[in-house]
Amino acid sequence: NHSTLLNSVMILVLLLLLIFGGLMCLIVIGSAHYHCNPDNIATPIAASLGDSVTLGILSVTGHLLFIIPDAHSQRLFCCLVIASFLLLIPPLLVYSWRNEHARPAVLQGWGPILLAMLISSGVGVIMSKVAESYHKAVAFLPIINGIGGNLAAIQASRLSTRYNLTGCADFSEYKTSIFLLLLTVPGHVVFLGAKQWIDSADMGSPFYLAFFCSAILQVCVLLTMSYVMILLSPYMRDMDPDLYSIPLLTALGDFLGTALLALSLDILDTLNLYRPGD
């Protein structure tokens, strides 16, 4: 039912904005109180909780909408919800336009989000092929995508803040990039250990070697792209890097992680080294 799905997504987005908007405000206020850099805290929390909270709210809202027994009543309720959201657009746009801090997001925030959604669509195509050919490896996709995207988002947030303060890219942040890169292997070891504790299926040593190589290459590319995106800001009408760097990097992280792992699996399968369960 397309109307029910559309309603579930619209309610989901509204609840997510309320929850994460309030959470981010609390994190920034708390970071200022305890003299911490919110770039190191807010970004990974938002990225980590995003997927799990999204799936949870979507399942609950969809279930509640399907509780309505009468199909006619269900369609009527869905139409009322859609109409309510459409009527909210003009006053919210006016309110955002009058706020000098929100105005840049109204003007410039749509393009990066739409491009990130387009990239994510490509991720879905690759992921479906991985699930079809290497179904036991699908459980590793959230691990490689989640950690890589979080590390890149932290660096992009720090670089964006520095750019907004100084007006130029700060290459002294390379030490942070090296530290984040060094966190790649330990971070994956922790999550792979948790996955192994939950599901003890053995994928074989060649797979884990290919997994770590893919993860390191993914993080290297993402950290490099975080600097590239900051350097592109003067050529993009001085668009605020906060508006485009993080959504594009997280989408690119998902694409790279999925594509690199899929390529590694194809190579292992060609060499007859992909033997899950051995």
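The values are calculated or read from the model by the stated rules, or taken from the named source; none is laboratory data. Note that this is a predicted model, so its numbers are computed, not measured. As a convention, Cβ positions derive from the backbone with ideal geometry for all residues, glycine included, and neighbour counts pool all protein chains shown. What goes into the accessible areas is simple: the full protein's heavy atoms, side chains included, and nothing from ligands, DNA or RNA. Shrake-Rupley method; radii C 1.70, N 1.55, O 1.52, S 1.80 Å.
Each residue in the stretch 48-57 was checked for being within 16 Å of L14 (Cβ to Cβ) and either hydroxyl-bearing (S, T, Y) or in a loop (DSSP other than H, G, I, E, B) (or both), and 1 of them qualify.
Criterion applied to I113, I144 was being open to solvent by less than 80 Å² (accessible area, probe 1.4 Å), of a type in the set (V, I, T), closer than 30 Å to E173 by Cα and in contact with a helix residue (DSSP H, G or I) (Cβ under 8 Å, 6 or more places away or on another chain), and the one residue passing it is I144. The set of residues in the stretch 177-220 that are outside any helix (DSSP H, G or I) and open to solvent by less than 60 Å² (accessible area, probe 1.4 Å) comprises A201, M203, G204.
The residue that is surrounded by the fewest Cβ atoms within 10 Å (Cβ to Cβ), counting only those in the stretch 123-135 that are over 14 Å from the mean Cα position of the chain (by Cα) and small (G, A, S), is S128.
In the stretch 58-72, the residue that is nearest to M10 (Cα to Cα) out of those that are β-branched (V, I, T) and at pLDDT 75 or above is T61. With the condition kept exactly as written, say whether any residue in the stretch 230-242 is touching a Pro at 6+ places or on another chain (Cβ under 7 Å) and in a helix (DSSP H, G or I). Checked the stretch 230-242: at least one residue is touching a Pro at 6+ places or on another chain (Cβ under 7 Å) and in a helix (DSSP H, G or I).
Mind telling me which of the residues S84, S96 ends up being hydroxyl-bearing (S, T, Y), loosely packed, with under 11 Cβ neighbours inside 10 Å and under 26 Å from W110 (Cβ atoms)? The match here is S84.
Applying the set (1) under 26 Å from A139 (Cα atoms); (2) open to solvent by 30 Å² or more (accessible area, probe 1.4 Å); (3) free of Cβ contacts under 8 Å to residues at least 60 places away in the same chain; (4) not in a loop (DSSP other than H, G, I, E, B) to L256 leaves exactly one unmet item: (3).
When each of Y274, Y244 is tested for being under 12 Å from S157 (Cα atoms) and open to solvent by less than 70 Å² (accessible area, probe 1.4 Å), the lone residue that passes is Y244. So V138 ticks every box in (1) touching a residue at least 24 places away in the same chain (Cβ under 8 Å); (2) open to solvent by less than 50 Å² (accessible area, probe 1.4 Å); (3) of a type in the set (A, V, I, L, M) but one. Which box is left unticked? Every condition holds for V138 apart from (1).
List every residue pair whose Cβ atoms lie under 9 Å apart, where the two residues are 6 or more positions apart in sequence or sit on different chains, the first residue falls within the stretch 117-129 and is touching a residue at least 12 places away in the same chain (Cβ under 8 Å), and the second residue, located anywhere, is among the aromatic types (F, W, Y) and surrounded by 15 or more Cβ atoms within 10 Å (Cβ to Cβ). From residues that are touching a residue at least 12 places away in the same chain (Cβ under 8 Å), the pairs are I119/F255; S120/F255; G122/F255; V123/F255; I126/F255. When A169 is tested against the conditions (1) in contact (Cβ under 8 Å) with a residue 12 or more places away in the chain; (2) more than 22 Å from the chain's Cα centre (by Cα); (3) open to solvent by 50 Å² or more (accessible area, probe 1.4 Å), the lone failure is (3). Taken over the stretch 182-236, the criterion of being of a type in the set (A, V, I, L, M), touching a residue at least 12 places away in the same chain (Cβ under 8 Å) and closer than 29 Å to L165 by Cα is satisfied by L183, V219, V221, L222, L223, M225, M229, I230, L231.
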